[in-house]
Structure formats: structure tokens, C-alpha cells
Amino acid sequence: MSTDYIFRSYSSGDEDKISELLTLVFGGWPHIDSDMSPIEYWKWKYLENPIHKSYVTVGLDGEKIISCHHVMVQKLKIMDSIILGGAATDFAVHPAYRGQGISVKTSNPNMIMRQKDDILFTYFITRNPILIKKFSNPKNLNVRQRFPKEIINLTRISDIDLHFKNMPIDNQGIIKPGVKTLKALNRLLNAPEYHEGLEIHQIESFGEDINNFLEEITTGHSYMIIRSADYLNWRYAYPGIGEYRKYIIKERDRIIGYSVLRINRYNPEYPIGYIVELVTENGREDAAVCLVAKAVEYFDKNNVNIVNYLTVKGHPSIKALARYGFLNSRVKINLYTTREQGIKLDELANVNPSRTYFSWGDIDALPVRMN
């Protein structure tokens, strides 16, 4: 094994070896069912982004790719600023090369490229205890900071015994009665309602007519990845990407919300459901309730036992989900961002949760295990 490594940006043809490395490091990649091969999925994710080119760097030992770092660029609104930033994703180092500072050497050229284009802000979610401990050190606060709003995952489990059979955890005897009691109480106190004047339509792709709604929604938020019809169709309607169930909700022919659903069948014996997106006009709990009802109907029809929804703690959409038995899963979501001069991310701490939007769609990960 040589120590004369090369670290450079992606070149056409690298995707074969990158996907092999990701498959090795993560025990299969991507962890989502689709009609694409891993290489095709990688090309969609990093070469077809309609917002901006992705930043990909690799480390090589000879001709062998031993590390990779990706930043998928998005347009974001943070307080009163519109910026290009990115989700740091698919960061991997070959197991045989760890402990040599490879990760830093791989990420540095990525950062240099983004500095030239003034795209510095990044965010990512991690469960790595070493990284969490590192970022919790006050000496590192100038490099990484925890997102100023708490992100929570709401979960609806139809059969708790079936769930623990497929995903066993400790303290089941304590958790089971509490979950069953809370679910029963939620359904008793928050029975579904029918809302006249609202129409839900399943769509295959997003039309240009949704852009006006998305622009209004962005204006009303202090933090949100900016969406457009082109962006949503790339994310959720690209050929071969797999089935994302998409709905829009209208009132008198005017779009007031939409949702995106996905059943991740990567583990066919225990598929996991996701409300990937749920967006409505501010104050329209009635629209949110209708979209959640449609989601529950879809997942129940497909015998999906567990459904997840990612949001900001205190967000008004939680009320709509609680009507259908969604509870805080208590899974710790460790969302970190870079600190960049001129970006007033800290001010989000004092912003009403209704003005902050974060979803599973913002990180392009639908985990096959919810520990």
C-alpha cells in the first residue's frame, strides 16, 4: 500500500469505481429500491442536478479510488438571503485506508473548488459518534454548528409487535404499552375530518402551475430549500428513480399544497414508508390533514407498517399528523452546518417553527433502519 495518494476532482469514468467504493463502505448503495443500477443512480444524483453542478472529489492510490466526497448543490433561503449551498453526502473512505487523514485530504479540494464559486454553506446529518463528539467540542464551533432548530422524526407504527420483530431494540417491554396507549389516545381525541372545497389530485409530474405556489411559500419562510417544478421533477419524477407518489391539493383551482410519498422496499421483508414532502400554505391545517389522510390511506393499502416524517419541532404540520397516530420517535437527528460569514443562521433560533421547513427530501436519504 503506497502513501503517495492523489486527491482530485471527479473525471468522467470515475463513477464506476466510486459506486463500487460506496457499495463496499455502506454495505450496499444506494439503500433505496429503484430501476437504476448504482452507476445510473449516481449519474442521476450528481450529474443531472438542474440547479447547479455537483462537487465531487476522489482520493486515489494508483488507479484505485480509496475515498470520495460529494456536495449536492441546492438553492436555499436563509433569513433574507438567497444562496447556493449544498448537502454533503456519500462521504466514504475505504476501510483499509482509514486512520491516515484521508477524509480531510479528500474534502479539502472539494472546499477549494466551492470557494472559487462562492458555494461554501453545507449541511449534513450524521450518526457517527466520533463526529458528534468532535463537533460538540467548543473549539470546533467555528467549523461546524448544530442546526439552530431541533429536527424530529415523527413515526406511525400500525403493529408495534411486528415492528420490534423486524427491528428489535432494548426496553421493548417499557416502550410497547406507552406507544399503544398514546396512539389510541391520539385517534380518540383527534378523529379525521372531512374538508369541503378541497380537492386532492394524484400527479405523475409537477406542472409549471406549481411555481407560483412555491414562490409564495418561499417568501413566507426564513429557512427552506427553494423548490421549482424542474427541481421537484428531477427529484421525484425522473425516469427509473422509483415510485414517488405525488399529490397536489387545490381550493377553487388554486394550489395550496402538495405531498410526496415513498415506500422504500430496499428491505422487501419490511418496507418503510416516508412522507418525503408535505407543504401547505401557512395556516392551512385543513389541507395538511387531507394530505396526511391520503398518505395514510396509501401506506395502509400497501401494508406498510411504519411511516416516517421529518420536520422541525413545533411545526404546525405536527397537529395534522397527530390526528393519524404519528408520534415523536425520539430518534436523535444530528443536523450540522458550516459556519459562513454573512449567513445569519443563528437568527433562526428565534423564528417561529412554521417559518422553517426541513424534510427527508432535503437530505436524499430514506433510511432502511430507524434506530
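The values are calculated or read from the model by the stated rules, or taken from the named source; none is laboratory data. What you see is a predicted model; the values in this text were computed from it and never measured. Note: ideal-geometry Cβ built from the backbone for every residue, glycine included; neighbour counts use all protein chains shown.
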Next item on the list: Tell me, yes or no, whether the stretch 28-49 has at least one residue that is outside any strand (DSSP E or B), in contact with a Leu (Cβ under 7 Å, 6 or more places away or on another chain) and among the hydrophobic types (A, V, I, L, M, F, W, C).
Entry: yes
Item checked: Condition met for residue 292 (assigned by TED's automatic domain parsing to the domain that holds residue 269, touching a strand residue (DSSP E or B) at 6+ places or on another chain (Cβ under 8 Å), in a loop (DSSP other than H, G, I, E, B) and more than 30 Å from residue 111 (Cα to Cα)) -> no
Next item on the list: Could you check residue 304 against (1) in a loop (DSSP other than H, G, I, E, B); (2) crowded, with 20+ Cβ neighbours inside 10 Å; (3) out of contact with any strand residue (DSSP E or B) (no Cβ under 8 Å at 6 or more places or on another chain) and say which number it fails?
Entry: (3)
Margin query: Go through (1) surrounded by 18 or more Cβ atoms within 10 Å (Cβ to Cβ); (2) touching a residue at least 60 places away in the same chain (Cβ under 8 Å) for residue 15 and report which single condition fails.
Written below: (2)
Notebook entry, point to check: Can you name every residue in the stretch 321-354 that is buried (at least 18 other Cβ atoms within 10 Å of the Cβ) and among the basic types (Lys, Arg)?
Noted result: 323
Item checked: Selection status of residue 368, part of a loop (DSSP other than H, G, I, E, B), touching a residue at least 24 places away in the same chain (Cβ under 8 Å), in contact with a Phe, Trp or Tyr (Cβ under 7 Å, 6 or more places away or on another chain) and surrounded by fewer than 18 Cβ atoms within 10 Å (Cβ to Cβ) -> yes
Next item on the list: Evaluate the stretch 43-58: report whether one residue or more is surrounded by fewer than 19 Cβ atoms within 10 Å (Cβ to Cβ), more than 22 Å from the chain's Cα centre (by Cα) and not basic (Lys, Arg).
Entry: no
Next item on the list: Give the residue that is farthest from residue 49 (Cα to Cα), with candidates limited to residues of the stretch 237-295 that are surrounded by fewer than 22 Cβ atoms within 10 Å (Cβ to Cβ) and of a type in the set (Ser, Thr, Tyr).
Entry: 270
Check: Which one of these does residue 96 not meet: (1) part of a helix (DSSP H, G or I); (2) surrounded by 20 or more Cβ atoms within 10 Å (Cβ to Cβ); (3) among the hydrophobic types (A, V, I, L, M, F, W, C)?
Finding: (2)
Next item on the list: Select from the stretch 115-130 the residues that are under 12 Å from residue 88 (Cα atoms) and in a helix (DSSP H, G or I) and list them in ascending order.
Entry: none
Next item on the list: Return yes when residue 86 is within 20 Å of the chain's Cα centre (by Cα) and modelled with pLDDT under 95 and no when it is not.
Entry: yes
Notebook entry, point to check: Does residue 336 qualify as being more than 26 Å from residue 88 (Cβ to Cβ) and not charged (D, E, K, R)?
Noted result: no
